[in-house]
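To start, the structure itself, in structure tokens.
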Amino acid sequence: WSFGDVDVAALNPTMVVVSREPDGRWYVTFAVDTETPALAEPAGHVIGVDLGLTDLVVTSDGERIANPRHLVRKARNLARYQRRMARCQRGSGNRRKAKAKVARAHRKVRTARQDFLHRTTTALVRSADVIAIEDLSVKNMVRNRHLARAISDAGWGEFRRQLEYKCRRAGRTLVVIDRWFPSSKTCSACGHVLAELALSARHWTCPSCRTRHDRDLNAAKNILAAGRAVARDTVSGDACGADVRRQGPSLPRSAVKQETRAARPSA
């Protein structure tokens with residue numbers, strides 16, 4: 001029990017849910033009415049966050065948080081347990097035991113991922129008053145069969161969900177930049193936008209100002225710049241990076257202009 005100033009016997013829960021997971025563990029979840037938590041103290045800091053697969057989080061300050069790849073670390077054990085379950089006769093006691101082992105292995109991966117994401121998002125919310133992130137279409141990105149498992153294991157959607165409710169609870173501002181904003185292809189020094197940038201290119205040199213960029217760090221700096229511009233004009237924090245206009249000769253295209261046009265049928 002983590003709340004030392006609360007008497008457990010005096011609690012009057014408004015809801016109690018008893019559930020059982022496939023691995024055999026029982027859980028009791030209850031909700032109680034509490035006072036509104038106090039807002040966090042101002043941090044005096046603004047940060048941009050870029051999400052990736054090699055480094056899960058790269059901030060505009062240059063901090064990198066490696067992707068722990070929880071599923072990859074447990075993949076061998078999962079495969080072994082699933083093979084054992086496949087060899088068992090359906091409806092037998094041995095199959096039920098093997099199925100429980102598979103569920104237990106999945107539960108360990110899930111809880112480890114949740115714990116890591118909670119620690120990471122809590123640290124970000126405590127360190128900055130305004131957090132700018134990119135709106136990633138995870139649902140569409142997992143259609144790539146080469147990266148689907150890695151993207152799902154990273155937990156980008158859960159990362160954003162936790163940031164949203166923690167920022168709302170702590171009184172922080174979360175700025176969501178539009179997914180079409182070319183954060184990786186834009187030079188954070190002069191504003192030049194590349195026509196193409198391969199996914200395998202982790203570093204590139206700006207042809208305009210000759211600045212050498214790390215792909216992820218450059219994207220985080222551009223997300224921060226877009227977040228600063230939007231945060232000045234909105235208090236809600238739910239903003240679109242397509243409305244951000246960079247000053248300079250090279251302007252990023254808007255989200256509408258970057259949409260794929262429908263192909264015309266040939267005669």
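Residues of the stretch 231-241 that are aliphatic (A, V, I, L, M) and either under 22 Å from G62 (Cα atoms) or at pLDDT 85 or above (or both): A231 alone.
Residues of the stretch 173-219 that are among the β-branched types (V, I, T) and either modelled with pLDDT under 90 or surrounded by 12 or more Cβ atoms within 10 Å (Cβ to Cβ) (or both): T173, V175, V176, I177, T186, V193, T211.
Can you tell me which residue is nearest to the chain's Cα centre (by Cα) among those in the stretch 83-121 that are among the polar types (S, T, N, Q) and under 17 Å from V72 (Cα atoms)?
Filtering the stretch 83-121 for residues that are among the polar types (S, T, N, Q) and under 17 Å from V72 (Cα atoms), the one nearest to the chain's Cα centre (by Cα) comes out as Q114.
Scanning the stretch 72-97 for residues that are surrounded by 13 or more Cβ atoms within 10 Å (Cβ to Cβ), among the hydrophobic types (A, V, I, L, M, F, W, C) and closer than 22 Å to A148 by Cβ turns up V72, A75, L78. Pairing residues of the stretch 86-107 that are assigned to a helix (DSSP H, G or I) with residues that are open to solvent by 90 Å² or more (accessible area, probe 1.4 Å), at Cβ distances under 6 Å and at least 6 apart in sequence or on separate chains, gives A98/R84; A103/P22. M141 passes every criterion in (1) surrounded by 13 or more Cβ atoms within 10 Å (Cβ to Cβ); (2) modelled with pLDDT of 95 or more apart from (2). A Cβ distance below 6 Å, combined with a sequence gap of six or more or placement on separate chains, defines the contacts here; from the stretch 160-189, residues that are assigned to a helix (DSSP H, G or I) reach residues that are hydroxyl-bearing (S, T, Y) and open to solvent by less than 20 Å² (accessible area, probe 1.4 Å) in the pairs Q162/T121; L163/T121; K166/T121.
For the stretch 42-63, a residue qualifies if it is of a type outside the set (S, T, N, Q), crowded, with 17+ Cβ neighbours inside 10 Å and not in a loop (DSSP other than H, G, I, E, B), and the qualifying residues are V46, I47, G48, V49, D50, L51, L56, V57, V58.
The values are calculated or read from the model by the stated rules, or taken from the named source; none is laboratory data. This structure is a prediction, so every number in the text was calculated from the model and none was measured. Quick reminder, even Gly has a Cβ in these numbers, built from the backbone with ideal geometry, and neighbours come from all protein chains shown. SASA here: full protein model, heavy atoms, side chains in, ligands and nucleic acids out. Shrake-Rupley method; radii C 1.70, N 1.55, O 1.52, S 1.80 Å.
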